[in-house]
Amino acid sequence: MRRPLIAGNWKMNGSKAEATQLLNGIKAGVAGMQRVDVAVCPSFPYLYLAEELLADSAIAWGAQDVSAQAGGAYTGQVSAAMLKDFACRYAIVGHSERRQLNGEDDALVASKYARAVAGGIVPILCIGETLEERESGRTEEVVARHIDAVLNSSGVEAFGAGIVAYEPVWAIGTGVTATPDQAQEVHAFVRGRIASKNQEIAAGLRLLYGGSMKPGNAVELIAQPDIDGGLIGGASLKAADFVAICQAGEDSA
């Protein structure tokens, strides 16, 4: 059985004081959990706080992005090596907000994924369709395109070193959540697509749901056979809510 992972994506929220309070609250809340992996992905300036406050805990931390470049004259970018300096385990790549607001295409996302793997960082590849794409019956086409960009660039072996998060764009921050059946259908499609290349890698790949998972729906979502946890946005900004979702992962294991 794949071990559940609950990862919090804080996006561009909070202050130093708020980040400190949140990290301490999560640390206290998940203490003693044994069967779920927990991670937080704060904004770059607060990674040092995660390292400082979580070093003596089982909670991992990660970044919300990583450069496709190893280093050099790329003002404003942060390399995988820099993230390793702060003991980051994870990096989110291809989040829908970066695809939409920063114009990141599949090729760039695949390059970031490859750079993270090469740098010893576990990439969390975000995939998912817009409402228009879902309503036009193109969900699998879009998801396949996102997956295939990495397959074609790095090969199926790269999925043995990463994680995939299905985040239907129409459910991010809207309060609308895909039904467990809708989410499971896409997760099963993703696992099947990887399995067509390598069944062993597909079987071990952790697939997270990333569209408005909350304490009230986490149990039912994580209970689905191909959902191995969550990439949590808004609910990760409240320690009690995030801890409750972590508990759902703990209880499902």
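Annotations for the structure displayed:
- Among the conditions (1) farther than 18 Å from N9 by Cα; (2) modelled with pLDDT of 95 or more; (3) not aromatic (F, W, Y), the only one that I222 does not satisfy is (1).
Residues checked against (1) out of contact with any His (no Cβ under 9 Å at 6 or more places or on another chain); (2) not β-branched (V, I, T):
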{"site": "T130", "(1), (2)": "yes, no"}
{"site": "S136", "(1), (2)": "yes, yes"}
{"site": "E141", "(1), (2)": "yes, yes"}
{"site": "R145", "(1), (2)": "yes, yes"}
{"site": "D148", "(1), (2)": "yes, yes"}
{"site": "L151", "(1), (2)": "yes, yes"}
{"site": "G155", "(1), (2)": "yes, yes"}
{"site": "A158", "(1), (2)": "yes, yes"}
{"site": "A165", "(1), (2)": "no, yes"}
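- Filter result for L83 (of a type in the set (A, V, I, L, M), out of contact with any His (no Cβ under 7 Å at 6 or more places or on another chain) and over 30 Å from V142 (Cβ atoms)): no
- Filtering region 106-160 to residues that are more than 19 Å from M82 (Cα to Cα), under 17 Å from the mean Cα position of the chain (by Cα) and not β-branched (V, I, T) leaves D106, A110, L125, C126, G128, E129, H146, A158, F159, G160.
- Residue selected from region 4-60 under the condition at positive phi and within 20 Å of the chain's Cα centre (by Cα), by the criterion surrounded by the fewest Cβ atoms within 10 Å (Cβ to Cβ): G14
- Matching residues, region 170-191, being within 20 Å of R206 (Cα to Cα) and small (G, A, S): A178, A183, A188
- Selection of first residues in region 169-189 that are closer than 21 Å to R98 by Cα and of second residues that are surrounded by 19 or more Cβ atoms within 10 Å (Cβ to Cβ) and among the acidic types (D, E), restricted to Cβ pairs under 7 Å at least 6 apart or on distinct chains, gives the following pairs, ordered by first then second residue: V169/E129.
- Selection over region 119-157 of residues that are hydroxyl-bearing (S, T, Y), closer than 15 Å to V109 by Cα and out of contact with any helix residue (DSSP H, G or I) (no Cβ under 7 Å at 6 or more places or on another chain) gives a count of 0.
The values are calculated or read from the model by the stated rules, or taken from the named source; none is laboratory data. Everything numeric in this text was worked out from a predicted model, so none of it was measured. Please note: Cβ atoms are built from the backbone with ideal geometry, for glycine as well, and neighbour counts cover all protein chains shown.
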